[in-house]
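Student: Structure below; questions to follow.
The values are calculated or read from the model by the stated rules, or taken from the named source; none is laboratory data. Given the structure is predicted, the values throughout are model-derived calculations rather than measurements. Heads up, the Cβs are rebuilt from the backbone with ideal geometry, glycines too, and the neighbour counts pull from every protein chain shown. With ligands, DNA and RNA removed, areas are computed over all heavy atoms of the protein, side chains included. Shrake-Rupley method; radii C 1.70, N 1.55, O 1.52, S 1.80 Å.
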Amino acid sequence: MIYVSDSPGKMSTQKKRAFQIEAFKHRVVVDPKYAEKTWKVLEHAIHEIYNHNASGLSFEELYRNAYNMVLHKFGEKLYTGLVTTMTAHLKEISQSIESAQGEIFLDELNRKWVDHNKALQMIRDILMYMDRTFIPSNHKTPVHELGLNLWRDVVIHSSKTQARLLDTLLELVLRERNGEVINRGLMRNIIKMLMDLGLPVYQHDFEKHFLDVSANFYCCESQKFIETCDCGDYLKKAERRLNEELERVSHYLDPRSESKITNVVEKEMIESHMHTLVHMENSGLVSMLVDDKYEDLQRMYNLFRRVPAGLTIVKEVMTSFIRDTGKQLIMDPERLRDPVDFVQRLLDLKDKYDKVITMSFNNDKTFQNALNSSFEYFINLNARSPEFISLFVDDKLRRGLKGVGEEDVEIVLDKVMMLFRYLQEKDVFEKYYKQHLAKRLLSGKTISDDAERSLIVKLKTECGYQFTSKLEGMFTDMKTSHDTMQGFYAGQGTELGDGPTLSVQVLTTGSWPTQPSPPCNLPQEILGVCDKFRTYYLGTHNGRRLSWQTNMGTADLKATFGKGQKHELNVSTYQMCVLMLFNNVEQLTCKEIEQATAIPMSDLRRCLQSLACVKGKNVLRKEPMSKDIAEDDAFFFNDKFTSKFFKVKIGTVVAQRESEPENLETRQRVEEDRKPQIEAAIVRIMKSRRTLDHNNIVAEVTKQLQSRFLPNPVVIKKRIESLIEREFLERDKVDRKLYRYLA
C-alpha cells in the first residue's frame, strides 16, 4: 500500500488519498507438458553426469530449468524424479561392484564412490534452488544427504555387498596384524566412506565387528604368548601390539576408535594376565627388581598404569618384596656384627629402589611413599638401628669422608638424615649420637667441624631446637676450653717450668653425655699440674665445681726402649697411668695395677689388652700370653718393642657397638629420660583441655611425641597415675576413665 499526495505543496492541509498497487491480472498459461519436458531435460543431464559425459552440458541452462520447475510448483515432481533416477543408477553401480572379483572389489567400490561423489556435487549445483527453498519448506532430505543415504541403502547395504565388505576389511586388518603390507590408502578411503555415510554406519557396519574380532584375536595371542614368553618379552610384545593399534587408528580408522581398540588390547593382553605376569617365576617383577631391569620395569609401569588396579598390584608386590629383603638384612646376625657395613647396605638398598622409582616408575609419589613405608617398617624391627646409624655417622666423620669433596659430604649426610627420618626412636639416636660426638670432639678425631655442624643443622631442621641445643652446647664448650687454656698458660707459664703440658676441656654438666666414674689415681707428675689448673679455673669462675673425667682423656708419652730406641706413644689417660707405674718396677700383676691406679676392672682389662696383646702396639709383655686377662697375670715393660713409626697410637680395645648389658643400660636411661617428656605432654594437653578421657589422652600424647619416639600406652598410663598421686590430675568420681586437670 503506497500513500500519494495529489498536491505536494499542500500536503499538510489536504487530505491524503490511498492507491494500492496489485499484481498483474493476466494469467500466464503454462504448457501442460512443460513439467514433463523440463524433467526429461534434467533427467538426461543426470544420466550424462553419471556416464561421465557432463562436459557437453550447460549447467546454467539446467539450473534455470530446475529453478523454473520449482517456481511453477513442480518441486515434488523434480524431487521424486531425482530419487528414482539416482536409485536406478546406484543399482547399476551396485551390480558392477558386486561383480568385481577378489582384491579389485574394494578398488571398484572406492572408484564408484568417488564417481558418485563427483556426480552428486554436480547434481546439487543444478538443483541448488530446490535445495534452498522447496526442500526446507517441505521437510525433505537435502540433495547431498539424499545421495549419501541412497548410496548407503542401495550399494553398501545390498545383500551381497554388506557382509562381503565387512569380511574384506577385517581380513585386511588381520593380514596387517600378521605382518603383511596392505594398501592403507585404500583402507583409509573405504573407512572414510563409512564415516561420511554417518557415524552409526561406521559403528554398526564396521567398528563393532572390528572390536569383537580384535578382542578374540588378542585373547588367543596373549594366551599363546603367556605360555611361551618370559615376562619381559611378553611386555615388549604387548607394547608393540598397542603401538600398532594406535598407528592403525592414525592411518585409517576414526580417531574415536582409538580409546576403544586400546581398551581391547589392554584388557586382553594386560588386565587378564597381570597377576600372572607380576608373579612370573624367574622373570616377574621381583626378578626385574633384583636384576635392575630398568627398561622392563618402565615398560611394566607404563602398561599396567593403563588398566584399573594395575599399578596397585605392582606397588603391593614391590612393597612386600622390599619389606622381606629389608627384614632379612635387619635380622641377619652376620650383618649386625659390623654396624657401618649394616647401615651402608641399608643406604645401598634405598639407592637401588630410589633409582628404580626415578628411572622406571616416573617418580610416582605412591611408589615413593610405599618405599618410605617399607623402610620405616623394617628399620624399626631392630631396636639397635638408632645406635648403628649413629655409629655409621661416627665412622664417616672420623675417617670415612676424609678427602671427600664438600658436595659429596653433604650427599652422605643427607642419606643419613633420610634413614634418621624412618626411626621411631629418634631420642635413642640422639643419646648415641651425643656419646659418639663427644668422643670425636674430645679426641680431636673429627674430619671437619663444618661437616659436624652441617649435620646438627639438618637435625635441628628436622626435630627442632630442643633436639640439638645440647649438641650445640658441646661445640661452645670446646671453643670456651680453648680460650681457657690460653689464659691458663698466659698466667701460669713461668710457674709450670718443664713439667707435663696439660690440655683441659671443661665440659658443662648436662650438655655432655658424661657418666659418673670414680677418678683413677693420677701419677704425681700430672697431679701437680691438675691442681694448678683447678686453682686457676675456680679463681676465675665463682660457684663452680670441677670433677676430672679421667675415663675420657688422652696423653702423649715419650718412651725409651731397648738399644735406646725412642717413641712417642699416644694413649688414653688410663693407659698412661698404667705405663707410668713401670718407671719404678719391673713386674706387676693385673690385681696390683688395679690397686695402684683404682681403674675399674672392666676398663683396666681393655687397657691391658691394648697394651700387651695387640701386635705392633705391644709396649708391655704379658705372662702367660693370651688375649684374656686374669687378675694374677703378670705384666712387664717390653724392652724389645720396635716400630717403624716414631709416633705410635695405641687405641683402647673397645667394642665398636655396645654389648648387650651396655645396650640394656642405655635403654634404661632412655626410658628414664622419656618419663618427664611424657608427663610434660600430659600436663600441656590437660591444661588446655581441662577434662579428657584416657584414650584421647593416649592419642594426643602419642601425636605430640611421635617426632621423637613412640610412647608406650602402658608407660603413659603409669605417668598419669604418677601425676594423679602428685595432684596434677584427678579422676572423675563417676567415670573413672575421665581425668580432670587440677590448677
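Student: I'd like to check one number: the per residue accessible area of the chain, probe 1.4 Å, reported in Å² as a whole number.
Tutor: 54
Student: Find the relative contact order for the chain and round it to a whole percent, using C-alpha pairs within less than 8 Å whose residues are 6+ positions apart.
Tutor: Across the chain, relative contact order equals 6 percent.
Student: Moving to a separate point now. When Lys and Arg each count +1 and Asp and Glu each count -1, what net charge do the other residues less than 13 Å away from residue 96, Cβ to Cβ, add up to?
Tutor: -1
Student: Net charge within 11 Å of residue 236 by Cβ-Cβ distance, Lys/Arg positive one each and Asp/Glu negative one each, not counting residue 236 itself?
Tutor: -1
Student: May I ask you to derive the FRET efficiency for residue 114 and residue 59 from their Cβ-Cβ distance with R0 = 25 Å, giving the value to the nearest 0.05?
Tutor: 0.80
Student: Of the heavy-atom accessible surface of region 509-588 (probe 1.4 angstrom), what whole percent is carbon and sulfur?
Tutor: Whole-percent figure for carbon plus sulfur exposure: 48.
Student: Highest mean first, what order results for 388-396, 304-312 on Cβ atoms within 10 Å?
Tutor: Sorting 388-396, 304-312 by mean packing, highest first, produces 388-396, 304-312.
Student: With a sphere of radius 14 Å drawn around the Cβ of residue 508, what net charge do the other residues whose Cβ falls strictly inside it have (Lys, Arg +1; Asp, Glu -1)?
Tutor: Around residue 508, the surrounding residues sum to +3.
Student: Determine the share of region 663-741's accessible area contributed by carbon and sulfur atoms, expressed in whole percent, with a 1.4 angstrom probe.
Tutor: Result for region 663-741: 50 percent of the exposed heavy-atom area is carbon or sulfur.
Student: Taking all protein chains as present, what is the carbon and sulfur share of the accessible area of region 369-466, in % to the nearest whole number, probe 1.4 Å?
Tutor: 45
Student: Ok, one more. Between residue 715 and residue 77, with labels modelled 7 Å along Cα→Cβ, what's the label distance in nm to one decimal, could you check?
Tutor: 10.8
Student: OK, next. Exceeding 21 Å between C-alpha atoms, which entries from my cross-link table qualify? They are 237/267; 365/396; 37/73; 558/647; 352/460; 396/615.
Tutor: Long pairs (Cα-Cα over 21 Å): 365/396; 352/460; 396/615.
Student: Straight-line reach from residue 532: which aspartates and glutamates have a Cα under 12 Å away, not including same-chain ones fewer than 8 places off?
Tutor: Excluding near neighbours in sequence, the set is 495.
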